[in-house]
Amino acid sequence: GDHLRGGERIAVPPDGQRRTLRNLWQEAGTPPWRRGAAPLLYCDGQLIWAWPLQIAHGFAAGADEPGLRPTWRWRV
């Protein structure tokens, strides 16, 4: 993961349009107090996943390809 700098964007399915994490988190109902501690996954400097969103457009494995699915569990 990495620390939020503000203004991070990620392209998520279905349209692959780059949008801000803030807007996507708001739409997903992610509480503001969780956003700052949410894990972020980068590939070659590009944000490709942020909890609880889908993997970025173009980075998901195809139906016949092996792949990994990131998950995160909060400890209470």
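Computed about its Cα centre, the charge dipole of the chain is approximately 440 debye, with only Lys, Arg, Asp and Glu carrying charge at their Cβ. For the chain, the per residue solvent-accessible surface stands at 75 Å², with DNA, RNA and ligands left out and a 1.4 Å probe. For W74 and Q54, a Förster radius of 22 Å and the Cβ-Cβ distance give a FRET efficiency of 0.75, rounded to the nearest 0.05. Split the accessible area of the chain by element, probe 1.4 Å, and carbon with sulfur accounts for 50%.
The values are calculated or read from the model by the stated rules, or taken from the named source; none is laboratory data. Quick caveat: nothing in here was measured; it's all calculated off a predicted structure. Glycine also receives a Cβ, built like all others from the backbone with ideal geometry; neighbour counts cover every protein chain displayed. The protein model used for the area step is the full one, side chains on, heavy atoms only, and it has no ligands, DNA or RNA in it. Shrake-Rupley method; radii C 1.70, N 1.55, O 1.52, S 1.80 Å.
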